Amino acid sequence: MAEFLSLQDAVSRHVNNGDIVAMEGFTHLIPFAAGHEIIRQEKRDLTLIRMTPDLIYDQLIGAGCASKLIFSWGGNPGVGSLHRLRDAVEKGWPKPLEILEHSHAAMACAYEAGAAGLPLAVLRGYVGSDLPKVNDQIRFIECPFSGEKLAAVPSIRPDVAIIHAQRADRQGNVLIEGIVGIQKEVVLAAKRSIVTVEEIVDDLGASVNACVLPAWAVSAIAEVPKGAKPSYALGYYERDNAFYKQWDGIARDRESFQAWLQENVFEKGAA
Amino acid sequence: MSLEFTASEMMSVTAARALTNDMTCFVGIGLPSEAANLARLTHAPDVTLIYESGTLQTRPDILPLSIGDGELCESALTTVSVPEMFRYWLQGGHISVGFLGTAQIDRYANLNTTLIGDYRNPKVRLPGGGGAPEIAANAKEVFITVKHSKRTFVRDVDFVTTVGFGRDGKARDNVPNIGRGPSVVITDLCILKPDPETRELVVTSLHPNVTREDVIDATGWEIRFADRLETTPAPTAGELEVLRSLKARTHAHHSGQH
């Protein structure tokens, strides 16, 4: 049953050094505030999973929280490179980063399989791609009925899932609206979950088919207004595209990144 | 009357013209998104645009910076989850065209968006595959748009992220349930299409004021030209006006000037 906690307590209780952590949100609802709390608490040796590492993992990787990254598209959308991710992969700074890369379709299927309690996901994927040569977690199986060759990847079962959502009600039920991405699947696939929300309300106002996570499917809820900034929360604030562009300059060299981190993460207290 | 236009505008207009009103297009971010929305705002008002963030039949007023900007969701018919997007709508066979960009392309239209150099010791680490590997397999056909240069147009890509026709041109032969693959590549210099027999990319049309030498100099293999080489029609005043106004709106929005 969902427990209402401060962000500080939620991260300290549910994220341990060495954990497999999936912080999702497909461009929308990226849990940046929770990521910053992980950086402040100096969690180490995390295996980070995310389809699009985005700025949030660029920051966690640059801050030295990660030892491994599982992902499917590691760029700054519409801008260019994630320089901290590149520095870790190309130069091992601040520490070497092991990577395991997939395609989006495979990761989406792997999360769904995790939510469904299955050991693997099957898809018509990776045809003719070199990715299976560099990722031994991509295999091929033969359909027992048609004989068709299909790709198989292991399901994703994180220790902890972290997402951001628009609202929770006072019982701890969560409403996710707009680009729902992989939010529901990652929570159901994980052993534990933290959901940060824009606000806690009396009535979710959910339509009958809305994307709702029941309180009993979530471990912890923390109220963190603007918790997805500089990504966005539909109905609350827009994506800060200007900041995504500025990030390219901030993250390009180690010193300016560290100065940014000091000023904007370490010197800002927990929400 | 001759109009002034840039090579980039020529590329976007030509790429937009490849789309028709009846197509259902899975749109990549960047140049493909610009071309697809230009098509929707000009000759193909009913073209169905789909982005991998789950936004089905979207009609953005500005070009999204990311694949999941709020604009895409708010102007869409509906928004589905990412697994549903890839499993039902793409793998399920509802996409007629996948529209992709790339960092590197080779003579068999294989795309590399993973890295330059060796995988374990990369010279340049690029973003990776994203949606492209399965878009290329599961869309009925693939359009590619990319700027023409020797760095981009290489004989063999360093890494096949997304298959065109494979290292030998035969990767799609005898594979069940796979799309036709790349049918056209639109650059700022020309239009290329795969040879029906060998699948090697051949220049079929040169853009106005572009010479064969320009294309040869910007291509990393011995590029061939079609016997009946055409000249791409120049952009019309109407196309240029719509494109420029779309880009101006987009620039103002993403700079926070809205």
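The values are calculated or read from the model by the stated rules, or taken from the named source; none is laboratory data. What you see is a predicted model; the values in this text were computed from it and never measured. Glycine gets a Cβ as well: all are built from the backbone with ideal geometry, and neighbour counts include every protein chain shown. Accessible surface areas use protein heavy atoms only, side chains included; no ligands, DNA or RNA. Shrake-Rupley method; radii C 1.70, N 1.55, O 1.52, S 1.80 Å.
The table below gives the values:
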{"read-out": "Count of residues meeting criterion [open to solvent by 20 Å² or more (accessible area, probe 1.4 Å), assigned to a strand (DSSP E or B) and closer than 21 Å to A:HIS14 by Cβ] in segment A:189-202", "value": "2"}
{"read-out": "Test: residue in segment B:179-199 that is among the small types (Gly, Ala, Ser), in contact with a helix residue (DSSP H, G or I) (Cβ under 9 Å, 6 or more places away or on another chain) and over 30 Å from A:GLN246 (Cβ atoms)", "value": "yes"}
{"read-out": "Any hit, segment A:247-267, residues being surrounded by 19 or more Cβ atoms within 10 Å (Cβ to Cβ) and in a loop (DSSP other than H, G, I, E, B)", "value": "no"}
{"read-out": "Answer residue from segment B:202-241, given it is in contact with an Asp or Glu (Cβ under 9 Å, 6 or more places away or on another chain) and among the charged types (D, E, K, R) and is nearest to B:VAL185 (Cα to Cα) among those", "value": "B:ARG224"}
{"read-out": "Residue list for segment B:139-163, filter: more than 14 Å from chain A (Cβ to nearest Cβ) and either closer than 18 Å to B:VAL203 by Cβ or of a type in the set (Val, Ile, Thr) (or both)", "value": "B:PHE143, B:ILE144, B:THR145, B:VAL146, B:LYS147, B:HIS148, B:SER149, B:LYS150, B:THR152, B:PHE153, B:VAL154, B:ARG155"}
{"read-out": "Any hit, segment A:132-141, residues being within 12 Å of chain B (Cβ to nearest Cβ), crowded, with 24+ Cβ neighbours inside 10 Å and modelled with pLDDT of 95 or more", "value": "no"}
{"read-out": "One residue from A:TRP93, A:TRP73 being closer than 23 Å to A:GLN246 by Cα, at the interface with another protein chain (Cβ under 9 Å from one of its Cβ atoms) and open to solvent by 10 Å² or more (accessible area, probe 1.4 Å)", "value": "A:TRP73"}
{"read-out": "Wholly within segment A:3-114, helices (runs of 4 or more DSSP H) carrying at least 3 residues that are over 15 Å from the mean Cα position of the chain (by Cα) and without any contact (Cβ under 8 Å) to a residue 24 or more places away in the chain", "value": "A:83-91"}
{"read-out": "Among (1) surrounded by fewer than 20 Cβ atoms within 10 Å (Cβ to Cβ); (2) assigned to a loop (DSSP other than H, G, I, E, B); (3) of a type in the set (A, V, I, L, M, F, W, C) - the single one B:LEU77 does not satisfy", "value": "(2)"}
{"read-out": "Criterion (within 12 Å of chain B (Cβ to nearest Cβ) and assigned to a helix (DSSP H, G or I)) met by exactly one of A:VAL127, A:VAL180, A:VAL186, A:VAL122", "value": "A:VAL186"}
{"read-out": "Extreme residue, nearest to the other protein chains (Cβ to nearest Cβ), among residues of segment B:42-87 that are within 19 Å of the chain's Cα centre (by Cα) and free of Cβ contacts under 8 Å to residues at least 24 places away in the same chain", "value": "B:GLY68"}
{"read-out": "Residue in segment A:203-225 that is open to solvent by less than 10 Å² (accessible area, probe 1.4 Å), away from chain B (no Cβ under 13 Å) and under 17 Å from A:ASP54 (Cβ atoms) present", "value": "no"}
{"read-out": "Residue identified as closer than 28 Å to A:TYR126 by Cβ and of a type in the set (A, V, I, L, M) among B:LEU189, B:LEU201, B:LEU206", "value": "B:LEU201"}
{"read-out": "When residues of segment B:88-138 are limited to those that are more than 7 Å from chain A (Cβ to nearest Cβ), among the charged types (D, E, K, R) and not in a strand (DSSP E or B), the one most open to solvent (accessible area, probe 1.4 Å)", "value": "B:ARG120"}
